[in-house]
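Structure first, commentary second.
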Amino acid sequence: MAVDYEALKEEALSCGFSHVGDLNADTIVLRPEVRAACAENKCHSYGKNWVCPPGCGTLEECGEQIHSYKRGLILQTTGEMEDSFDVEAMMELAERQGKNMSEFASRIRKRYPGALVLGDGQCRNCKTCTYPDAPCRFPEKRSSAMEAYGMVVSEVCAKNDIPYYYGPGTLTYVGCILIE
């Protein structure tokens, strides 16, 4: 079945995303230095769940998974901030992106069960993750961050002709879905 990407873009926008663009999986480069930054554990999630390293797989395993696809979509939620210290706006925007991703991913996974969903940040499905003692409770809802897979998000956007920066006083959260 052919995927109608134009219809999917409209559907993504109806889920609340600000911007949606085409994603060519061949443009994705996974960088060891991004994965190494995860190991610094500044977000306090490294080694604590199935969607962050090392639970999400090695860089090689992530690469094999990514490059088993050819196409997908880049999904962005952009918002305005009063200044670069507007933590409240950052948190509200992150929550909005998470809801947008969850809604769209749910719709896509019904039609394309093999779709790979990569968001921003850690998993929000469970209060306490089963990692590493038991399998993920919701593997069908699992979504790693693009960075957890070793991507430089701004580079992925640039290589796919979708802006990453929308001007002063704005912030953009980015996710992607690989479908075919």
If you take the residues in segment 131-159 that are aromatic (Phe, Trp, Tyr) and closer than 16 Å to LEU118 by Cα, which one is farthest from the chain's Cα centre (by Cα)?
PHE138
Which listed residue, of GLY175, GLY98, GLY121, is crowded, with 18+ Cβ neighbours inside 10 Å, out of contact with any Phe, Trp or Tyr (no Cβ under 8 Å at 6 or more places or on another chain) and part of a helix (DSSP H, G or I):
GLY98
Name the pairs: first residue in segment 148-161 and at negative phi and in contact (Cβ under 8 Å) with a residue 60 or more places away in the chain, second residue among the polar types (S, T, N, Q) and not in a loop (DSSP other than H, G, I, E, B), Cβ to Cβ under 7 Å, at least 6 apart or on different chains?
VAL156/THR27; LYS159/THR27; ASN160/ASN24; ASN160/THR27
Could you list all residues from segment 14-35 that are of a type in the set (D, E, K, R) and without any contact (Cβ under 8 Å) to a residue 24 or more places away in the chain?
GLU33
Residues that are assigned to a strand (DSSP E or B) and polar (S, T, N, Q), drawn from segment 101-118:
none
If you go through segment 146-163 one residue at a time, do you hit one that is assigned to a loop (DSSP other than H, G, I, E, B), at pLDDT below 95, buried (at least 16 other Cβ atoms within 10 Å of the Cβ) and among the small types (Gly, Ala, Ser)?
no
Considering only residues that are surrounded by fewer than 20 Cβ atoms within 10 Å (Cβ to Cβ) and of a type in the set (S, T, N, Q), look in segment 125-145 and name the one that is modelled with the highest pLDDT.
THR130
Those residues of segment 26-44 which are assigned to a loop (DSSP other than H, G, I, E, B) and modelled with pLDDT of 95 or more amount to ILE28, VAL29, LEU30, ARG31
Answer yes or no: is there a residue in segment 130-142 that is closer than 20 Å to SER18 by Cα and in contact (Cβ under 8 Å) with a residue 40 or more places away in the chain.
no
In segment 2-25, is there at least one residue being surrounded by fewer than 17 Cβ atoms within 10 Å (Cβ to Cβ), in contact with a Gly (Cβ under 6 Å, 6 or more places away or on another chain) and not in a strand (DSSP E or B)?
no
Can you tell me which residue is surrounded by the most Cβ atoms within 10 Å (Cβ to Cβ) among those in segment 78-95 that are over 20 Å from the mean Cα position of the chain (by Cα) and charged (D, E, K, R)?
ASP86
Selection status of CYS38, in contact (Cβ under 8 Å) with a residue 24 or more places away in the chain, touching a Pro at 6+ places or on another chain (Cβ under 7 Å) and surrounded by 12 or more Cβ atoms within 10 Å (Cβ to Cβ)
yes
All conditions in (1) assigned to a loop (DSSP other than H, G, I, E, B); (2) of a type in the set (Ser, Thr, Tyr); (3) in contact (Cβ under 8 Å) with a residue 40 or more places away in the chain are true of THR77 except (1)
Is it the case, given these coordinates, that GLU64 is over 30 Å from ALA134 (Cα atoms) and exposed (fewer than 14 other Cβ atoms within 10 Å of the Cβ)?
no
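The values are calculated or read from the model by the stated rules, or taken from the named source; none is laboratory data. Note that the structure is a prediction, hence the values are computed from the model and not measured. Virtual Cβ from ideal backbone geometry, glycine too; neighbours counted across all protein chains shown.
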